[in-house]
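Quick notes on the structure that follows.
What follows is calculated from the coordinates using simple rules that are stated; it is not laboratory data. What you see is a predicted model, and the numbers here were worked out from it, not measured in a lab. For neighbour counting, all protein chains shown are included, and Cβ atoms are generated from backbone atoms with ideal geometry for every residue, glycine included.
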Amino acid sequence: MNHIDYFERIKMALIVQKYGGTSVGSAERIKNVAKRVKKARDEGHDVVVVVSAMSGETNRLVALAHEMQEFPDPRELDVVLATGEQVTIGLLAMALKNIGVDAKSYTGWQVAVKTDTAHTKARIEEIDGDKMLADLKAGRVVIVAGFQGISSAGDIATLGRGGSDTSAVALAAVLKADECQIYTDVDGVYTTDPRVVPEAKRMDTITFEEMLELASLGSKVLQIRSVEFAGKYKVRLRVLSSLEEGGNGTLITFEEDQNMEKVVVSGVAFDKNQARINVRGVPDKPGIAYQILGAVADANVEVDMIIQNVGCEGTTDFSFTVPRGDCKPTLELLNNLKNTIGATEVSGDDTVCKVSIVGLGMRSHVGVAAQMFRALAAEGINIQMISTSEIKVSVLIDEKYMELATRVLHKEFGLDK
Ligand code: ADP
Ligand code: ASP
Ligand code: MG
């Protein structure tokens, strides 16, 4: 069935609503979600709901898996992790039926969210919307398990932590939904995590580019891939509270507001999922960066910040950051390679974090990075690594200063005003 024909006929809005872990964290909360969905139905909208596992459940499953294997088999880990969302979809369908709303739940593989085979961080490749459209046409609410799909090898695959956001936006793109609403435990996107800085301000709108940076730099309010999807398919994406009534939340916009450039820094993000690897005393010759980072890339480890020092007496030092969970395997790998690459020492530090400032206005302002470094220095916070792009500056620091640095930078750039 062609969705264009379908929507021309019924002249209704189609909304994809996503509810995160806290929003479905108890039987009461699931009943509350059912009421919200019913409200949208009563207003005449077609609704597809994507849900996460109940809060704490995915962490519990991860911990169980680690009791079986130090590094759980990725395919089997996905089999375990995907169960969390399956519980929530069934419960929500029951809650809806109980208040007179026809609904049907589906796991990721049932609606055919097709992914690649990168277990625990699979990418969505294709979704077949027909089954969902048929249910909507029959007047049903469609409930889909977030965070999961079926790989090209026919196995259950999960989309990485926070992946239900991506499931929702991808479904909204395929179904050409009028809006994708991400309901969570805060009432929108803030200038920084409001749990760390109570003075943080909610933004009515945020540009797509800024949201993309904030998400990639650790603001977990939206998974980075969900923002990428929204950009690619121009999905109208909004973040709202599932716990409070009313409010328009934060809309992610694709046009730049004229006033935007006046705001130099619009948000501060932090990320504890970081570890620094140091390789010392390697020969300062062509190909050395490739020898080190090539091996790391072959092990499927994502490298972020990189520093190579200026060589001295024929040798140089090399540092880079990896996700914290990859620290130990990366160190093992490089220790095995130590003699081949001629390094004198390989070491790692997984007590670091990355703090970043983001803003479109940085494009047209100079001295923003210097202002950031001065503010951190005034608090005695040592910077270990720096990386910059047109609209962000990131620093790697000791994790014990993470909250202090976030608060200081939030104030320094006037975000509490
Ligand atoms: P859900 O379970 O609904 O997916 P998450 O915990 O993944 O919720 O994301 C919501 C959380 O993101 C908030 O509770 C907040 O602590 C955190 N967060 C981090 N940065 C921001 C920000 N800039 N604006 C709003 N929330 C943020
Ligand atoms: N339940 C998964 C997680 O905790 C996916 C999600 O909530 O988006 O990461
Ligand atoms: Mg989330």
| note | Here the relative contact order (percent) of the range 14-184, from C-alpha pairs under 8 Å and at least 6 apart, is 30 percent
| Per residue convex hull volume, Cα atoms of the range 14-184, in Å³ | 91 Å³
| query | Which of the residue pairs Lys232/Lys272; Lys114/Lys234; Lys201/Lys272; Lys121/Lys338 have a Cα-Cα distance greater than 25 Å in the structure shown? | reply | Lys232/Lys272; Lys121/Lys338
| field | Burial ranking of peptide ranges 396-404, 217-225 (average Cβ count within 10 Å, highest at the top) | value | 217-225, 396-404
| note | Helix 164-175: inclination vs the chain longest Cα principal axis, degrees, rounded to 10, gives 50 degrees
| note | With the dipole of the chain defined by +1 on each Lys or Arg Cβ and -1 on each Asp or Glu Cβ, the option from Thr330, Ser152, Leu251 whose Cα lies farthest towards the positive pole is Leu251
| note | Listed with the fewest Cβ neighbours within 10 Å leading, Leu92, Leu331 appear as Leu331, Leu92
| request: Take the alpha-carbon positions of the range 76-127, form their convex hull, and give its projected area averaged over all directions (one quarter of the hull surface) in nm². | output: 3.9 nm²
| said: What's the ranking of 382-389, 187-194, 271-278 by average number of surrounding C-beta atoms within 10 Å, highest first? | reply: 187-194, 271-278, 382-389
| request: With only Lys, Arg, Asp and Glu charged, each at its Cβ (+1 for the first two, -1 for the last two), find how big the charge dipole of the chain is about the Cα centre; round to the nearest 20 debye. | output: 940 debye
| query | What whole-number value in cubic angstrom gives the convex hull volume per residue for the C-alpha atoms of the chain? | reply | 159 Å³
| Förster radius 56 Å - calculated FRET efficiency between Asn339 and Ala378, Cβ distance, rounded to 0.05 | 0.80
| remark: Rounded to whole angstrom, the alpha-carbon centroid of the range 211-266 lies from that of the range 280-348 at a distance of 36 Å
| request: Only Cα pairs under 8 Å and at least 6 apart count here; give the relative contact order of the chain as a rounded whole percent. | output: 13 percent
| task | Give, rounded to the nearest 20 debye, the magnitude of the charge dipole that the range 314-366 has about its Cα centre when Lys and Arg contribute +1 at Cβ and Asp and Glu contribute -1 at Cβ. | result | 260 debye
| remark: Other residues with Cβ under 15 Å from the Cβ of Ile292 give, with Lys and Arg +1 and Asp and Glu -1, a net charge of -4
| remark: Scoring only Lys, Arg, Asp and Glu (+1, +1, -1, -1) among other residues with Cβ under 10 Å from the Cβ of Ser356 yields 0
| To the nearest 0.05, what FRET efficiency results for Phe254 and Arg195 with a Förster distance of 41 Å applied to their C-beta separation? | 0.90
| query | Expressed as an acute angle from 0 to 90° and rounded to the nearest 10, what is the orientation of the C-alpha long axis of helix 27-42 relative to the principal long axis of the chain? | reply | 60 degrees
| Helix-only mean residue ellipticity at 222 nm for the chain, each DSSP H run of n ≥ 4 adding -39500 (n - 2.57), per residue, nearest 500 | -11000 deg cm²/dmol
| remark: Across the alpha-carbon set of the range 97-220, Rg over Rh with Rh taken as the Kirkwood radius works out to 1.02
| query | In whole Hz, what ³J(HN,Hα) sequence does the range 388-394 give by Karplus (6.51, -1.76, 1.60; θ = phi - 60°), x for Gly and Pro? | reply | 9, 9, 4, 10, 7, 10, 10
